[in-house]
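Mind looking over this structure? Questions follow.
The values are calculated or read from the model by the stated rules, or taken from the named source; none is laboratory data. It should be emphasised that the depicted structure is a prediction, and the values quoted were computed from it without experimental measurement. Note that we place each Cβ from the backbone using ideal geometry, even for glycine, and neighbour counts take in every protein chain shown. Protein only, heavy atoms only, side chains kept; ligands, DNA and RNA dropped before computing areas. Shrake-Rupley method; radii C 1.70, N 1.55, O 1.52, S 1.80 Å.
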Amino acid sequence: MSGKKIYYSFHYWGPLLFQSKLKDSTIKKILNLCSKNKKKDHRERLAGDIKNEYLIDEKKIQDILEPYLYAFKNAYKHWYNSNCDTITATTAWVNYMKPGDSNPFHIHTECDLSSVIYLKLPKGLDKEIKEYRGTTAGPGTIMFAYGEESKFHITWKSFKPEIGDMFIFPYSLRHGVNTYRSPGERVSVAVNYSIKARK
């Protein structure tokens, strides 16, 4: 073999799936926006088999998340080689998921980006996941799917959520949540955004 160095590059492909970790103080602020207010029932607009889903103030949560949205803009520039000038929250809601609830694969509409934030998890979920036998990350986890299944393609990702995890992704990236059996609520917040981007 030649001693000469071989230079190469490879290309990122597909959607940007951004992940960050919220500070405890940020989680508390978001929890303060959440309540089971029947007047803000949002189930008719959502895909999940979840009995408690309620709108929250999208402007207030945007203010809370501003540092993380700034970080997302940097990731967006790196991934797409394009500038994301503004990110504006258009809708936000809280999901109080209980054992047996599920959220089938779906996309979000009337937005450019979607996101999910984890605020509370059942205490027994870690044990349930460890005992799970299967090819996904297990009960109560989130799954993302993109493109057609094919050899040498990465077409899906599965994550065990931790409190404070935040994912931001294109509205059209299919995602869903496995059901679980552990007692307790799995509380998450979803936020949809519109963006203005330029080269």
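Considering only residues that are in contact with a strand residue (DSSP E or B) (Cβ under 6 Å, 6 or more places away or on another chain) and either in a helix (DSSP H, G or I) or open to solvent by 70 Å² or more (accessible area, probe 1.4 Å) (or both), which ones fall in the range 78-106?
Of everything in the range 78-106, just one residue is in contact with a strand residue (DSSP E or B) (Cβ under 6 Å, 6 or more places away or on another chain) and either in a helix (DSSP H, G or I) or open to solvent by 70 Å² or more (accessible area, probe 1.4 Å) (or both), namely Phe105.
Okay, moving on. When you scan the range 43-77, how many residues do you find that are assigned to a helix (DSSP H, G or I), open to solvent by 60 Å² or more (accessible area, probe 1.4 Å) and either of a type in the set (Asp, Glu) or in contact (Cβ under 8 Å) with a residue 24 or more places away in the chain (or both)?
5
Among what's in the range 166-194 and is hydrophobic (A, V, I, L, M, F, W, C) and touching a helix residue (DSSP H, G or I) at 6+ places or on another chain (Cβ under 7 Å), pick the residue that is farthest from Asp126 (Cα to Cα).
To start, the set of residues in the range 166-194 that are hydrophobic (A, V, I, L, M, F, W, C) comprises 166-169, 173, 177, 187, 189-191.
Right, trim to touching a helix residue (DSSP H, G or I) at 6+ places or on another chain (Cβ under 7 Å) and you get 166, 168, 189, 191.
Values: Met166: 18, Ile168: 24, Val189: 20, Val191: 26 Å.
By that ranking, first place goes to Val191.
For the range 125-144, how many residues meet the condition of being small (Gly, Ala, Ser) and either open to solvent by 60 Å² or more (accessible area, probe 1.4 Å) or modelled with pLDDT of 95 or more (or both)?
Residues meeting the conditions: 1.
Failed condition for Ile163, given (1) closer than 23 Å to Ile56 by Cα; (2) without any contact (Cβ under 8 Å) to a residue 40 or more places away in the chain; (3) in contact with a helix residue (DSSP H, G or I) (Cβ under 9 Å, 6 or more places away or on another chain), with all others met?
(2)
Which of the residues belonging to the range 79-94 are more than 30 Å from Asn52 (Cβ to Cβ) and not acidic (Asp, Glu)?
Trp79, Tyr80, Asn81, Ser82, Asn83, Cys84, Thr86
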